[in-house]
Amino acid sequence: MQEFKHIPVLLNETIEALDIKPNGIYIDGTAGGAGHSVEIAKRLDPYQGGRLIALDRDPEAVAAASKRLEGYPAQVIQSDFADMKAVVNDLGIKKVNGVLLDIGVSSHQLDDAERGFSYHTDAPLDMRMSGQGMSAKDVVNSYSYEQLKTILYDYGEEKFAPSIANAIIKARAQKEIETTLELAEIIKSGVPARVKREKNPCKKTFQAIRIEVNDEFGQLDRALDEAFDLLEIGGRLAVITFHSLEDRMVKRRFLSFAQGCTCPPDFPQCVCGKKPRAKIVIKKPITASAEELEQNKRSHSAKLRAVERIDEQSQ
């Protein structure tokens with residue numbers, strides 16, 4: 001097993017967005033290699049009650065983060081971030097001052113060939129962040145043509161979804177698909193030659209299968225509500241996404257938190273009584289600087305958004 005490495009993206013921008021208070025309680029829902037976690041924990045004063053709860057469903061990440069957070073007012077727990085409310089409630093915490101969600105696959109998970117996330121090196125088809133449950137091998141060998149086509153369209157935005165799904169069905173009729181490079185070759189057989197000449201055509205299909213295996217959209221959907229519900233008035237939720245589907249979900253949810261009256265525009269006065277619960281802290285998503293892009297190419301698609309919980313009664 002290689003060392004757990006993960007370069008935190010948009011680090012300074014994220015710390016600024018969280019507006020960390022020394023006496024605050026914070027959650028890093030995606031601890032990874034603890035890059036963001038350490039910077040949050042550095043700003044907390046345990047004598048004033050400052051505390052960080054770092055979560056990750058990957059046991060390797062939990063081990064690495066625990067080691068790096070030694071000596072800080074921090075606690076690392078293996079859990080899905082969608083279950084954060086239950087986790088912190090079990091610790092006797094009802095409200096927090098900030099939550100960070102850094103969505104997506106860590107550098108370590110991508111670089112560790114054995115995890116099966118990469119289409120560049122051969123490995124067992126796995127892609128499970130937690131190491132438990134349904135694997136990528138299960139998906140490609142058991143899903144119907146319609147199911148495969150749907151996840152490739154919906155999660156990978158892959159326009160060749162029908163032909164790739166068909167290629168997978170044909171290949172597995174001959175033998176079970178077991179490794180990443182086997183799947184990569186099957187994907188390549190399902191796209192036109194010109195596409196293969198332009199770029200590696202595997203990215204979108206691997207992304208779609210990874211999202212399905214880890215229920216990434218379902219997890220994010222639940223986590224956004226759980227995180228916001230935990231915030232104190234003045235508390236902030238910051239989310240870093242890495243592709244348009246996630247960013248769209250976060251943007252829409254943040255707008256819903258910040259929306260007030262939903263009465264039809266022709267009503268003379270509000271009858272719904274709905275008040276905004278949040279204010280948008282970052283109006284336009286923050287992206288990586290030229291300097292960061294040069295140092296970490298994986299930051300090129302990162303987008304940071306943040307909201308702050310406000311008192312509904314004062315509106």
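When the Cα centres of the stretch 63-86 and the stretch 229-256 are compared, how far apart do they sit, in Å?
Spelled out, the Cα-based centre of one part sits 21 Å from the other.
Rolling a 1.4 Å sphere over the protein heavy atoms, what is the accessible area per residue of the chain, to the nearest Å²?
On the way: 15110 Å² over 315 residues.
Per-residue value: 48 Å².
Roughly speaking, to the nearest percent, how much of the chain's 1.4 Å accessible area is carbon and sulfur? It would help to have the intermediate numbers written out before the result.
On the way: 7250 of 15110 Å².
The C+S portion of the solvent-accessible surface of the chain is 48 percent.
Taking every pair of alpha-carbon atoms in the stretch 177-315, what share in percent sits in each 5 Å bin, from 0 to the bin with the longest distance?
2, 8, 13, 14, 14, 14, 12, 8, 6, 5, 3, 2, 0
If R₀ is 30 angstrom, what is the calculated FRET efficiency for the pair Arg252 and Gln174, using the beta carbon separation as r and rounding to 0.05? Can you show the working numbers first?
Values: r = 43 Å, r/R0 = 1.43.
E between Arg252 and Gln174, to the nearest 0.05, is 0.10.
Could you please state, rounded to a whole Å, how far the C-alpha centre of the stretch 271-307 is from the C-alpha centre of the stretch 158-192?
Distance between centres, Cα-based: 36 Å.
For the chain, take the longest principal axis of its alpha carbons; what is the angle in degrees between that and the long axis of helix 161-174, to the nearest 10 within 0 to 90?
It works out to around 50 degrees.
How much FRET efficiency would the formula 1/(1 + (r/R0)^6) give for Asn296 and Thr262, where r is the Cβ-Cβ distance and R0 is 41 Å, rounded to 0.05? Walk me through the numbers on the way to the answer.
Details: r = 41 Å, r/R0 = 1.00.
Using R0 = 41 Å, I get an efficiency of 0.50.
Out of Lys21, Lys283, Lys85, any idea which swings most in a Gaussian network model of the chain, alpha carbons joined below 10 Å?
Lys283
Work out, step by step, the length gained on full extension between Thr150 and Thr287: first 0.36 nm times the residue separation, then minus their alpha carbon distance; give nm to one decimal. Intermediate results must be reported in sequence, preceding the final value.
On the way: separation 137, 0.36 × 137 = 49.32 nm, distance 2.99 nm.
Answer, rounded to one decimal: 46.3 nm.
Find how much the distance from Ser244 to Cys272 grows on full extension, using 0.36 nm per residue of separation minus their present alpha carbon separation; answer in nm with one decimal.
Details: separation 28, 0.36 × 28 = 10.08 nm, distance 3.23 nm.
So the extension gain works out to 6.9 nm.
Could you work out how far helix 244-258 tilts from the main Cα principal axis of the chain, as a 0 to 90 degree angle to the nearest 10?
The angle comes out near 20 degrees.
Mean-square fluctuation check for the chain, GNM, Cα pairs under 10 Å: which of Gln132, Gln295, Gln174 is largest?
Of Gln132, Gln295, Gln174, the most mobile in the Gaussian network model is Gln174.
List the longest stretch of the chain that has no exposed loop site; here a site is one of the GluC sites (Glu not before Pro) assigned by DSSP to anything other than H, G, I, E or B, with at most 10 other Cβ within 10 Å. Walk me through the intermediate numbers first.
Working: sites that count: Glu3, Glu70.
My reading of the result: 71-315 is the longest stretch.
Over 21 Å between Cα atoms: which of Lys95/Lys279; Lys149/Lys204; Lys21/Lys284; Lys137/Lys203; Lys21/Lys94; Lys159/Lys203 fall into that group?
Details: Lys95/Lys279 18 Å; Lys149/Lys204 12 Å; Lys21/Lys284 24 Å; Lys137/Lys203 17 Å; Lys21/Lys94 17 Å; Lys159/Lys203 12 Å.
The pairs that break the limit, which is 21 Å between Cα atoms, are Lys21/Lys284.
With axes computed from alpha carbons, what is the tilt in degrees of helix 180-189 against the longest principal axis of the chain, rounded to the nearest 10 within 0 to 90?
It is inclined by approximately 70 degrees.
List the trypsin sites (Lys or Arg not before Pro) within the stretch 153-250 that fall in a DSSP loop (any state other than H, G, I, E or B) and whose Cβ has at most 15 other Cβ atoms within 10 Å.
Working: sites: Lys159, Lys170, Arg172, Lys175, Lys188, Arg194, Lys196, Arg197, Lys199, Lys203, Lys204, Arg210, Arg222, Arg236, Arg248; in loops: Lys159, Lys175, Lys199.
The qualifying sites are Lys159, Lys175, Lys199.
Over all directions, how big on average is the projection of the convex hull of the alpha-carbon atoms in the chain, in square nanometres?
Numbers: hull surface 76.6 nm².
So the mean shadow area of the Cα hull is 19.1 nm².
The values are calculated or read from the model by the stated rules, or taken from the named source; none is laboratory data. Keep in mind it's a predicted model, so treat the numbers as computed, not measured. Don't worry about glycine lacking a Cβ; one is built from the backbone with ideal geometry, like all the others, and counts go over all protein chains shown. Remember, those area values only see protein heavy atoms, side chains included, never the ligands or the DNA or RNA. Shrake-Rupley method; radii C 1.70, N 1.55, O 1.52, S 1.80 Å.
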